[in-house]
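What follows is calculated from the coordinates using simple rules that are stated; it is not laboratory data. Note that the structure is a prediction, hence the values are computed from the model and not measured. Positions of Cβ are generated from backbone atoms using ideal geometry, with glycine treated the same way; all protein chains shown enter the neighbour counts.
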Amino acid sequence: MNLRPLCWYLATGPAYRTLSPVVLLALPLAAAFAPIAGAAAVAPPSRTEPMERYEDPPGIPAAAVHATRAASSITFNGYTSIQVNVNASQQDIIGDAANEPSIVVDPNNHNRMVIGWRQFDTIASNFRQAGFGFTSNGGATWSTGKINAGVFRSDPVLDADGSGHFAYNSLRQTLNSDVFESSNGTTWGPAVAAFGGDKQWMKIDRGLNNFYQAWSTAGNNYAPNTFNKSVDDGASFGAPDSLPSSPVWGTLDVALDHTLYLRRPSRTTTSIWAA
């Protein structure tokens, strides 16, 4: 097992206010949703990828047995990265770890952000929980915590609705997902059962406050269905439905005209498609 502190916020200058550097790239949709031109050939996705299952029991939290140290800060070429998974004193906890981060910015106040991650309280155990960090000052400092502390959770995916309410999609070991919502980024409402499956992804149409979710064909309790949605701002989720050609995985995005797009690798070829 190779777990390291991997949750960072990329900022610019001492004010940590300019968000454009975190927007690394945007890919235009191919005409008529054909395979992306010039894409490198890759092997078709495996149908037997490792599942998110409970394996190790929780270990002794590193915070209880190890000292802390100054949180990491890296400046390169005018940009500063600040460690997010810190304690209340903004110190790094030696011996814990975090990975698979997902970040969301309040669309109405860009100084407010939440990052979710898989929290490992000790690198001696792969038992993971739903870790999160919140900032109200553009990433200069972070308050952190866990949703459902002590409960196995994985695959965090975050977004925000049009009112700036944060949503945290989290996978249970049953390979079903729950969505938690927060208006302040630090306290979270109850779990809303969202069906879902392994390697789920979620996108919110902020104009309609519709939630859309897609997940893998493997690790799926509702096969062959891999998609569902909420039309009441995340209060409830409809039953799973199918998608054309049964995409193995998918990444969602919503256009300004409320069209939902799903980018996915082909199950049987080396192409990448948009639907």
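Numbers for the structure displayed
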read-out: Residues listed by number, region 92-119, amide nitrogen under 15 Å from residue 56 label point at 7 Å toward C-beta; value: 94-99, 118-119
read-out: At 0.890 mPa s and 25 °C, Stokes D of region 76-125 from Kirkwood alpha-carbon radius, µm² per second; value: 191
read-out: Packing-based order for 169-181, 76-88, using average beta carbon neighbours within 10 Å, highest first; value: 169-181, 76-88
read-out: For region 151-159, Karplus couplings with θ = phi - 60° (6.51, -1.76, 1.60), whole Hz, Gly/Pro x; value: 9, 5, 8, 8, 6, x, 9, 10, 7
read-out: For residue 234, distant residues with modelled amide H under 5 Å away; value: 211
read-out: Distance in nm between pseudo-label sites at residue 76 and residue 187 (7 Å out along the Cβ direction from Cα); value: 4.0
read-out: Rg over Rh [alpha-carbon atoms, Kirkwood Rh] for region 99-263; value: 0.96
read-out: Cβ-based charge dipole, region 99-263, positive-most Cα from 214, 246, 115; value: 115
read-out: Table column - 3J(HN,Hα) (Hz), region 111-121, Karplus curve with 6.51, -1.76, 1.60, x for Gly and Pro; value: 6, 9, 9, 10, 10, x, 7, 7, 9, 10, 5
read-out: Relative contact order computed over region 99-263 (Cα-Cα under 8 Å; 6+ residues apart), in percent; value: 15
read-out: Other-chain or far-sequence residues with amide H under 5 Å of residue 126's (modelled H); value: 56
